[in-house]
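Novice: One structure is given below, represented as structure tokens, and several questions about it will come after.
The values are calculated or read from the model by the stated rules, or taken from the named source; none is laboratory data. Keep in mind it's a predicted model, so treat the numbers as computed, not measured. All Cβ positions, glycine included, derive from the backbone under ideal geometry; neighbour counts span all protein chains shown.
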Amino acid sequence: MTAQIIDGKLMAQQLREQLAQKVAELPTVPHLAVILVGNDEASIIYDRNKQKAAEAIGMKCTIHHLDEQTPQDQLLDLIKQLNSDSSVNGIIVQMPLPKHLNSEQIIESIDHTKDVDGFGIYNIGLLHSNNSSAMVAATPQAVLYMLQQTLGDVVGKHAVIIGRSNIVGRPLASLLLNHHCTVTIAHSKTVNLSQITASADIVVAACGVAGLVKKDWVKPGATVIDVGINRVNGKLCGDVDFENVKEVASYITPVPGGVGPMTVTMLLNNTLQAYLEQNQREQNA
């Protein structure tokens with residue numbers, strides 16, 4: 001058996017074409033505001049990619065690039081301005097922030113209706129309570145979308161998620177539960193991890209350990225989603241031993257070219273949804 005590759009680039013391209021058609025029919029242009037503090041090279045590249053992707057489908061994306069030493073109050077003032085600007089539909093603050101800034105306070109200062117990253121406690125609460133109005137973080141959304149496009153249905157399947165971060169593992173667990181999966185969350189303190197993953201229909205690796213998931217960790221015929229992004233000897237790789245695991249899995253995502261392209265696309269989808277909901281509220285006011 002050789003696994004079928006889940007092509008995230010192709011899925012992203014197809015979904016962006018659909019989003020572009022929807023955006024073209026709108027009376028005004030959805031607007032995403034990105035706040036970048038400092039000069040982290042990876043963050044700069046990532047935000048430029050967001051801007052290019054947004055503009056390619058007809059959206060507006062403004063990057064507010066602030067100095068590394070920007071004080072907390074100044075950043076909060078900018079978020080307050082963006083919250084009150086009706087032309088701005090989505091706001092994200094690029095992580096990680098410089099150490100002198102309080103990330104939690106900054107995230108919570110974003111209007112929950114514009115929190116297109118889905119990191120605020122309000123949206124997290126909506127997600128955990130299975131409320132359909134929740135703005136869900138882009139990477140968990142990307143994972144679910146790829147699973148649904150590949151398997152058609154995740155109902156009743158056993159998914160093991162390796163990783164319990166607030167960005168991927170925890171929200172993904174809630175999202176899969178909301179779609180009737182049986183979910184196990186594993187992490188660095190889990191005992192007999194390989195035995196647990198070997199029982200899964202779906203394995204999601206999101207722990208940041210290069211090549212952690214081995215061939216004998218995966219049940220024959222399982223679907224493997226690799227969220228990890230690591231650099232080893234100058235090359236990007238995931239949390240899965242791709243070349244060997246693909247010999248037993250039915251479906252597998254590559255790194256790069258898997259979950260990554262879909263994550264940016266889901267962020268754009270969230271911005272569109274925020275735009276539509278904000279305009280609906282204005283019409284009903």
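Novice: Out of the stretch 32-81, which residues are of a type in the set (D, E, K, R) and closer than 19 Å to Thr271 by Cβ?
Specialist: Asp47, Arg48, Lys50, Lys52, Glu55, Lys60
Novice: Could I ask something else about it? Answer yes if at least one residue in the stretch 262-281 is modelled with pLDDT under 95 and of a type in the set (S, T, N, Q), and no otherwise.
Specialist: yes
Novice: Can you pull out every residue in the stretch 98-126 that is within 23 Å of Asn279 (Cβ to Cβ) and outside any loop (DSSP other than H, G, I, E, B)?
Specialist: Those that are within 23 Å of Asn279 (Cβ to Cβ) and outside any loop (DSSP other than H, G, I, E, B): Asp115, Tyr122, Asn123, Leu126.
To keep it simple, each residue is scored yes or no on (1) more than 23 Å from Thr113 (Cβ to Cβ); (2) in a helix (DSSP H, G or I); (3) modelled with pLDDT under 95; (4) basic (Lys, Arg).
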position: Pro27; (1), (2), (3), (4): no, no, no, no
position: Val34; (1), (2), (3), (4): no, no, no, no
position: Asn49; (1), (2), (3), (4): yes, yes, yes, no
position: Gln74; (1), (2), (3), (4): yes, yes, no, no
position: Ile91; (1), (2), (3), (4): no, no, no, no
position: Pro96; (1), (2), (3), (4): yes, no, yes, no
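Novice: Which of the numbered conditions does Gly238 fail, given that it passes all the others? Conditions: (1) within 24 Å of Ala137 (Cα to Cα); (2) in contact with a helix residue (DSSP H, G or I) (Cβ under 7 Å, 6 or more places away or on another chain); (3) buried (at least 23 other Cβ atoms within 10 Å of the Cβ).
Specialist: It is condition (2) that Gly238 fails.
Novice: Continuing with the same structure: For the structure I just gave you, tell me whether Glu25 is of a type in the set (D, E, K, R), touching a Cys at 6+ places or on another chain (Cβ under 8 Å), farther than 24 Å from Gln148 by Cβ and without any contact (Cβ under 8 Å) to a residue 60 or more places away in the chain.
Specialist: Criteria not met by Glu25.
Novice: Going through the stretch 167-187 one residue at a time, which ones are closer than 14 Å to His128 by Cα and of a type in the set (Gly, Ala, Ser)?
Specialist: Gly169, Ala173, Ser174
Novice: Let me ask something else about it. Just the residues that are of a type in the set (A, V, I, L, M) and touching a residue at least 40 places away in the same chain (Cβ under 8 Å), please, taken from the stretch 116-133.
Specialist: Passing the criteria: Val116, Ile124, Leu127.
Novice: Among Val154, Val136, Val143, which is in contact (Cβ under 8 Å) with a residue 12 or more places away in the chain and touching a Pro at 6+ places or on another chain (Cβ under 8 Å)?
Specialist: Val136
Novice: Which pairs do you get when a residue that is in contact (Cβ under 8 Å) with a residue 40 or more places away in the chain, found in the stretch 218-247, comes within reach of a residue that is assigned to a loop (DSSP other than H, G, I, E, B) and among the charged types (D, E, K, R), reach meaning Cβ atoms under 9 angstrom, with the pair 6+ apart or on two chains?
Specialist: From residues that are in contact (Cβ under 8 Å) with a residue 40 or more places away in the chain, the pairs are Gly221/Asp201; Thr223/Lys157; Thr223/Asp201; Val224/Lys246; Val227/Asp239; Val245/Lys214.
Novice: Could you grab me the full set of residues in the stretch 55-83 that are without any contact (Cβ under 8 Å) to a residue 40 or more places away in the chain and either closer than 16 Å to Gly38 by Cβ or not assigned by TED's automatic domain parsing to the domain that holds Gln94 (or both)?
Specialist: Ile63, His64, His65, Leu66, Asp67, Glu68, Gln69, Thr70, Pro71, Gln72, Gln74
Novice: Look at Val227 and say whether it is crowded, with 22+ Cβ neighbours inside 10 Å and modelled with pLDDT of 95 or more.
Specialist: It is true that Val227 is crowded, with 22+ Cβ neighbours inside 10 Å and modelled with pLDDT of 95 or more.
Novice: Can I ask one more? For the stretch 63-85, check the following and say yes or no: at least one residue is under 20 Å from the mean Cα position of the chain (by Cα) and of a type outside the set (Asp, Glu).
Specialist: Yes, the stretch 63-85 contains at least one residue that is under 20 Å from the mean Cα position of the chain (by Cα) and of a type outside the set (Asp, Glu).
Novice: Do the conditions hold for Asn102, that is, is it out of contact with any helix residue (DSSP H, G or I) (no Cβ under 9 Å at 6 or more places or on another chain), farther than 21 Å from Arg16 by Cα and touching a residue at least 24 places away in the same chain (Cβ under 8 Å)?
Specialist: no
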